[in-house]
Every structure is written in structure tokens, then in C-alpha cells.
Amino acid sequence: MRSLLLTLLFSGWFFSTNSHAQDAPLSRRGKENFDKAQKAWQTRQLNEAMVLFEKVEETDPNNSEIHLRLAQIYELQKKTELTRKHFARFVQLRPSDPQSSSAYQWLGSNLFKEEKYDSAAVYFEKALALSPPKSGLARLAKKSSASSRFAQMAMKNPMKVHKKSLGDTVNFLNSQFFPVMTADDETLIFTGLTENRDENIYVTHRIPGGWDVPEEISKAINTTNNEGTCSISADGRTLVLTACNRPDSYGGCDLYISHKQGNEWSTPQNVGENINSRNWESQPSLSADGRTLYFASDRRGGIGRSDIWFSVLKDKGQWSDPKNLGPVINTPDDENAPFIHANGRTLFYASNGLTGMGGFDIFLSEKADTTWTTPKNIGYPINTQADQVGLFISSNGKKGYYTDDSSEKSKGRSLLYTFDLPDSLQNLVTPTRYAKGKVFDKKTNKPLASSIELYDLKRQEKVAEFSSDTQTGNFLAVLNKGSEYAFYVSKSGYLFKSLTFSVTDSASSVNLDIPLEAIEKDRIEVLNNIFFNTGEFTLDDKSKVELNRMVEFLKNNKQISIEISGHTDDVGSEQTNLELSKKRAQSVLDYLKKSGVEPERLTAKGFGKTKPVAKNDSEENRQKNRRIEWRVL
């Protein structure tokens, strides 16, 4: 707000010499000093102009021009009391003059900073009334008036937020900022500023009772240049960071990407000219699966001075041309520091162009299909009159992490804090859970690098795609609460594995160790995402995800034929179960055949209740026995 106000205060005024010709004539002595002061003012000799204007004030205290000039000079010199004195005198002498609008705006802003919101609103309304319609000053005055009302209500109804420092172990530098975490809340990554003014990226891991001693994330990432303002994928294996003035950069600050295999990070690579321009690109935020990148940029084609943009990773590893998030999110002012929550649909970001507590506030917007909801100020005391940027919300939606340098304990340092999200904010953030585990060869126990795809069965669409670590076989996938998922793990030369599970409130995570079997004769896998109504053999629409995956596998492995077998629990007669299992197996075969799989490669059999995999003594075990299997012939 202050930078825009300064621009408005002085554009059009700096070289004005007759803005108040209707003032009473100056005395002879006053006129001499005024002319000298004006020349100094026009050549920007501000100290000389100040002394001369002060002399004019002594002889002609009721000349409004003198008070205007002195207010402008004192504002540039950051002498608040004197600025206020002369702007107040100026509007007193010229209460209805259009040029008083900027003075009213400044006086309102000054009162706003002192938390005198009622009085501030009065001055903002006066500024709005005198401003040219649709002008920058009118827009600022209108926003400031709304912010006064908002701030007043926010202060009267603060959220219950009790921030807590992450401690001296983590806050070991004078400045540490922009914290990010992995989805399991076990790894914290942040930017730190050393005594040599070198920005580096640091990492620490959760230990009993707190956090371990931070270390530089990697010598492959940190250099003698500045690296910082990073984002990490949910599994902690893809890092996007900001680096400036590198030989391979397209502009001043570019985005770079690094991948982790085992314990080693790759040398960061410029993400390319599709994203990086000649302008400023910074403050990245990766979606949980690492395939959508949000960032701030002042590139051409935006709505304001800096906007939030996004890009999607295409199949060949290239990032799509960035798209602006549009006028719902971006304003004619500045938006930056985007953070997309692990749920993939809650966006937090900083803006000084929306109604708030002053300066940059943090706002929240929800993605519904392809549109974003109207941004909501997340409130006081997370947002204050100080600039707030860089908020991170844990994947379970319970904790927030951010930087603060405004508290008395900070003593001018930028420290990392955490707080429990109040209920009012938790209700706005859909929490996520996660599946975490390891993919390995069933026979040798060797870790496997595999492709993993996550499908939402209700929507019948892929919601994430990632891979297990080439050295450890480890993976982590984010799951949205209340969804029903199909989980597919595949690797060339192996049978693909399908799993199914629902995410409930009671389960914070799903642990999955996944053994894959090589493609060999008589190897069997279960199709876990084939669904029928009770007692029926017509395939449910949710089964199409699994069946299409089976079709793709068979088309990629034309050398094999398979047997599809149906199995039931022990409820009902033996003959009824046998017939039902045969018909269900045949329904699967028919679907594969219609999808282009050669009929001679397919066989269907029904075994009824004769081959249970668990005792039929509970509904959970009976569900395991009701299954479709496939066997390599």
C-alpha cells in the first residue's frame, strides 16, 4: 500500500508550480524564498528545498502549497510526525480540493498503522470522494476503506492462534524463512541466510521431542551464489528452487529443479524457457505429485505487477506454457508466495491488492473443477500489519509453519514458527492422508523402481502419477480424505499390481509394502478393483479403471495368455456360487475381448467357494474371498 501511495503522491505533483494559484498572495520575502524553493524542488535538491519552504512557512503559515511541499519532503525523509502535521494542515486549508485526496489517503494510512481504524476509514472515504473515478488512487482508497472495516472486525474477533518457535536448533541463523515439509511431516526444508549474506537451503528431520540439527541439503544444490525459496514434492524427492544470476538463467531469477535418488540430489537444472522468462520467476510451489508447478512472476501478460502462474508437467518431461491464475486470484497489485496444499485444491498466497490487515496478507482459495473461489483472508493474528508471506500448512491440515520477524522475541531476526490451526481455518482445508511404502522383487527382495498411478474410482480418473525410488524402492503418495482409490504399480517384466482402499478420518496413513512378481508361468495376481453388485455379474462402472489397466498390460505383453478366475465366499449354495463365479469371470473376459485383446489369449473359469484365501468367519474375510484373479498360462 505504501509504495503505491508514494507513487500516487508524487506523480503529477513533483514539477507543479501553480497547483494553488488561488492561495492568498505570498509576502515579498515569502515569494523570494518560495521561488528559490521551487527551483530546488524541481531539481530534486530536497534538503535545500526543505529549508527554504520552512522559511516561507514562517512568513506565510496559511499557504497550502507550502504545507503540501513540506509534507512530501518529510515523507521522503521518513519523518512521520512532520509529514502528518503538514498533510493535516494542507487538508484543513483545502478540504475539498481534488489534490487533497492523496493527503487524505496518507493520513488514513498513518492512522491505519496505529490501529485507529474508525478514523482511518473516515479519511479513506474523503480520499475516495475527491479521487477521479476509476483512478489508481480511487481504487486504493476504496480498498483501504474496506481494509479498515475488515481489520477492525478481525481485531475484535481474533482466531485462537498460539505460535511457537521451532527452537534454537532450527533457528540457528539470523534469518530463516519459507519452510516446506514432506507429506509425512517428517522432513522440514527451509531457506537460510548466512553471515556472508549467502542464501542456502537447509534440511532437518523430526526426532523425538523436536527437530534434528539442520544441515545443508546438498553440495550439489547449494553454491556460493544464492539458492532459496524452494518447494518439495510430497515424497521429498523432487525439489524446485529459486536461483538468481546463473550463467544458464533466462532472466534475473529463474526456477531450477533437482531430483533425489537414494540419499543423493542431482545438480539443479533450469526448468526451461517455457517457465523462465527474461523477467522474475520465483517462490515455487509443487503439487503433491510434483506434476503441477505454481510460482510468482512479473512476466508480461499478467494482471498486476506480479502474479501467480502455474504450469503442468507433460508426458515427455516438459513443462507446459504457464497460465495465469486469472483475476479471481490476481489483482492489479502484487501477488506472490503461492502454496498449494497437499490436497491439490487449496491455495494459499500473499497479496497486497485485496482487503486485509495492511501490506501483504495471506489468502486462501479453493479450486472447484477448473475455477477458483473468491479468496478469503485467513484472519488475525496470522495476518497483521506486517507483511505476511510464506505460510505452509501440513498435509493433515492441523499445523501451520511460517516466518515471523515482528515479535519482540525475534529481536529483528526472521525465525520459523509453528501453530495449531484454529477450527475456523481447519474447516477450510481438506486434510489429506498418505500411502507410504516400498516396492520390491518378491523373490529377491531387491528394491524396484516402478511406475505408480493413483486413480479416483468414483471419478474414474487418474489423480496422481509418480515412481518409487530407484535405489530404495520407497514411495509416498498423498490421498484425499473421503475418496476411494485404485493404486497401480507396474514395471517392465513384472505383473502389474492393483490395490484398493478408502481413506477414512481414522486412518492418517496407509502402509504399503508392495512385492512385484516377474512375468512367469502360473504367477497369479488379484484384480482388486473389480466391482459387482451382490449376487450379480454385471460389471460396475468403477471396474473400468482396472479393466483398462489390464487391457494396457496385455497389449504391452503380447507374448502371454492368461486365465481369469472368479471366486466367491461361502454364502449361498455351492451351485449358485459356482455359476456366479463363472459368469463374473466371463464378464471380465468379454470386456477385455471387446477392448481388442485377442480371444485366444483369454480363458475364463469359475471356482465358486472352493479356493478361499481366508476363513469365511467375518465380513472382512468374506470380502477377500470374493475376488477375480488372473494367472499367467
| task | Give, in whole angstrom and from largest to smallest, the semi-axes √(5λ) of the equivalent ellipsoid of the stretch 2-156, with λ running over the eigenvalues of the Cα gyration tensor. | result | 29, 15, 14
| Cut-off 12 Å, label 7 Å out along Cα→Cβ of Gln559, residues of the stretch 510-538 by amide N | 519-521
| task | Would you list, by chain and number, the aspartates and glutamates whose Cα falls below 15 Å from the Cα of Lys624, excluding same-chain residues fewer than 8 positions away? | result | Glu525, Asp569, Asp570
| query | Can you give the FRET efficiency for Asp198 and Ala386, using 1/(1 + (r/R0)^6), R0 = 25 Å, r = Cβ-Cβ distance, to the nearest 0.05? | reply | 0.50
| note | Computed, not fitted: 222 nm per-residue ellipticity of the chain from DSSP H runs ≥ 4 (each -39500 (n - 2.57)), nearest 500, equal to -8000 deg cm²/dmol
| message | Could you order the peptides 35-45, 178-188, 334-344 from most to least packed, using the average number of other C-beta atoms within 10 Å per residue? | response | 334-344, 178-188, 35-45
| 15 Å Cα-Cα reach of Lys164 towards aspartates and glutamates, excluding residues that sit fewer than 8 places from it in its own chain | Asp404, Asp405, Glu408, Asp420
| query | R0 = 45 Å: FRET efficiency of Lys462 with Lys113, Cβ-based, nearest 0.05? | reply | 0.35
| query | Ranked by Cβ crowding within 10 angstrom, fewest neighbours first, how are Phe34, Phe607 ordered? | reply | Phe607, Phe34
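Using packing as a proxy for protection, rank 435-444, 216-225 so that the peptide with the highest average count of other Cβ atoms within 10 Å comes first.
Highest mean packing first, the order is 435-444, 216-225.
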| note | For Kirkwood radius over Cα pairs in Å, with candidates (i) 28.7; (ii) 26.8; (iii) 25.6, the value calculated from the shown model is option (i)
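Fewest first, what order do Met50, Met159, Met357 take by the number of other Cβ atoms within 10 Å? Before the final figure, lay out the partial values.
Values: Met50 22, Met159 17, Met357 25.
Least crowded to most crowded, the residues run Met159, Met50, Met357.
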| said: When 1/r is averaged over all different Cα pairs and the result inverted, which Kirkwood radius in Å belongs to the stretch 211-252? | reply: 12.0 Å
| For the stretch 431-518, what is the Kirkwood hydrodynamic radius in Å, using each pair of distinct C-alpha atoms? | 13.1 Å
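Suppose a student asked you for the relative contact order of the stretch 396-534, using Cα pairs under 8 Å spaced at least 6 residues apart; what percent would you report?
23 percent
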| said: Can you return the lysines within cross-link range of Lys219? Criterion is Cα-Cα under 25 Å, with same-chain partners fewer than 8 residues away left out. | reply: Lys260
| Pairs of lysines in the stretch 414-493 (C-alpha under 23 Å apart; 8 or more residues apart or interchain) | 15
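Just so you know, all these numbers are worked out from the coordinates, no wet-lab data involved. Since the structure is predicted, the reported quantities are computational estimates derived from the model, not experimental observations. A quick note on method: Cβ atoms are made from the backbone with ideal geometry, for glycine too, and the neighbour counts reach across all protein chains shown.
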